[in-house]
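Engineer: The following block contains the structure, expressed as structure tokens.
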Amino acid sequence: MRTAVIGAGIIGLATATELDRRGHDVVAIDPEPANGASRAAAGMLAAAAEAAWGQDDLLPLARASAALYPAFVATLETAGGRDVGYRMSGTLAVGADAADRAALFELGELQSAHGVPVQRLTGSAARDLEPALGPAVTSAVLAAEDHSIDPRRVTAALREILGERLREERVCHVVRRDGRVTGIRLTTGEEIDADVVIAAAGLGIAGIDGLPALPLRPVWGDILRLRVPVALRPLLTRTVRAQVRGRPVYVVPRDDGTVVLGASVREGGVAGVQAGSVLALLRDAETVLPGISECEIVEMLARPRPATPDALPLLGTVEPGLVISTGYDRHGVLLAPLAARLGADLAEGLPIDPVTAAAVDPLRFSSDVRTRRAFADLTPPAVAELAGAGQKGR
Ligand SMILES: Cc1cc2nc3c(=O)[nH]c(=O)nc-3n(C[C@H](O)[C@H](O)[C@H](O)COP(=O)(O)OP(=O)(O)OC[C@H]3O[C@@H](n4cnc5c(N)ncnc54)[C@H](O)[C@@H]3O)c2cc1C
């Protein structure tokens, strides 16, 4: 089967690599591979710490994808030929004042309710684990299953695996013939035929003719990379997430002596790095981790996350020959192995788990009955049934 993947962020790259592993003839197209949201990502694989009230459908997906990580990493490290910085040291969520402490323990309740193993700690027990935490830390929750990875090394390994099957071009059009998608057109005018097209261009999907309108919006994140002075290393041995006066901040350690400090969540403001965001991140991080002020800032970056109204991805077959895979919002790195597996299953016409299919149906927000009916008529019976079930449940 010939597949064309539009977009080579972590989702497009992982999906193209999975199709390649299954023996398909795959090409991935992107004018700037791995330079969108995936370039900014901190790499937290934080299924438990990202749990939120009202997002019950996300946690099972996140945990399922986290469980796929060891095998995903093994493939990247053997076929991609590099260490991808996978750290299985867990995550410590810490709080400073009484309100932060209450929010932290409320999250702990939610995690326990979902059967996620978490452990409550006092401030001093947290400092025993991470001595660089300051006296302002009064409480903590240890999520032993929330690991981290270096997304830049992941995308570099995926690019290595794909080699010349990744082309640095821009897609402008999805081509149809006789009622089905048959390929893509590049801005150069070249057409590439494909049995299946997978649209994984993040927010860029809105700029490609012939794709359905999707409820995506940019949610900006500012993020910093800092080098820890040798005398202070290791500043941390695991990811620390904090609530400081209600604002979230996190610090993710890397093996090379740097840490990643992030990230703002803003729906407007400048398209580059926003000064106020950087100020808040540094101030909040210093409250819980005083040593951060001794570090050297080596990079500041801002990127928009492809966000959806319910924080769940848009993943599914929307018509014969066309699979959508975007909207991974704050969780694209965590969800990449699952997205790759499901995207490849959909490309092969295999039915996917009914609950998952309904939760991530790309057309779940569409009020246009004709769109939904066309979708039901055109997709394989199992998928159509699932999509119908998903619609009824909403
Ligand atoms: C500051 C920040 C921190 C984050 N931290 C984490 C984290 O710790 N853990 C986590 O799981 N997630 C995190 N995320 C979220 C994660 O980065 C995203 O969910 C993920 O990168 C989305 O991947 P993607 O491949 O869908 O999109 P992108 O990485 O944006 O890739 C889309 C690609 O499509 C290409 N494209 C666009 N238009 C076209 C076109 N017309 N033709 C061809 N190609 C096109 C672009 O060039 C781009 O390379 C973070 C995000 C941000 C911004």
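The values are calculated or read from the model by the stated rules, or taken from the named source; none is laboratory data. Quantities reported herein were computed from a predicted structural model and do not represent experimental measurements. When we count neighbours, we look across all protein chains shown, and the Cβ atoms used for this are built from the backbone with ideal geometry, even at glycine. The accessibility values were calculated without ligands, DNA or RNA, using every heavy atom of the protein model including side chains. Shrake-Rupley method; radii C 1.70, N 1.55, O 1.52, S 1.80 Å.
Engineer: What ratio of Cα Rg to 2.2 N^0.38 Å holds for the range 1-129?
Structural biologist: Its radius of gyration relative to the 2.2 N^0.38 Å reference: 1.34.
Engineer: Return one quarter of the surface area of the convex hull spanned by the alpha-carbon atoms of the chain, equal to its mean projected area, in nm². Write out the running numbers ahead of the final one.
Structural biologist: Details: hull surface 74.9 nm².
For the chain, averaging the hull's shadow over all directions gives 18.7 nm².
Engineer: Order these peptides, 222-233, 25-36, by their mean beta-carbon neighbour count within 10 angstrom, highest first.
Structural biologist: 25-36, 222-233
Engineer: State the percentage of accessible surface on the chain attributable to carbon and sulfur atoms; use a 1.4 Å probe and exclude ligands, DNA and RNA.
Structural biologist: Within the chain, the accessible surface is 54 percent carbon and sulfur.
Engineer: Also, I was wondering about something else. Give me the one-decimal Kirkwood hydrodynamic radius in Å for the range 117-262, with the sum taken over alpha-carbon pairs.
Structural biologist: Computed over Cα pairs of the range 117-262, the Kirkwood hydrodynamic radius comes out at 19.7 Å.
Engineer: Across 5 Å bins from 0, what is the distribution of all Cα-Cα pair distances for the range 79-184, in whole percents?
Structural biologist: Pairs per bin, as whole percents: 2, 10, 13, 12, 11, 9, 8, 8, 9, 9, 5, 3, 1, 0.
Engineer: In the range 44-118, which chymotrypsin sites (Phe, Trp or Tyr not before Pro) fall in coil by DSSP and have 15 or fewer other Cβ atoms within 10 Å?
Structural biologist: TRP53
Engineer: As a test of the formula, what do you get for the chain when each DSSP H run with n ≥ 4 contributes -39,500 (n - 2.57) and the sum is divided by the residue count, at 222 nm and rounded to the nearest 500 deg cm²/dmol?
Structural biologist: Per the formula, -10500 deg cm²/dmol.
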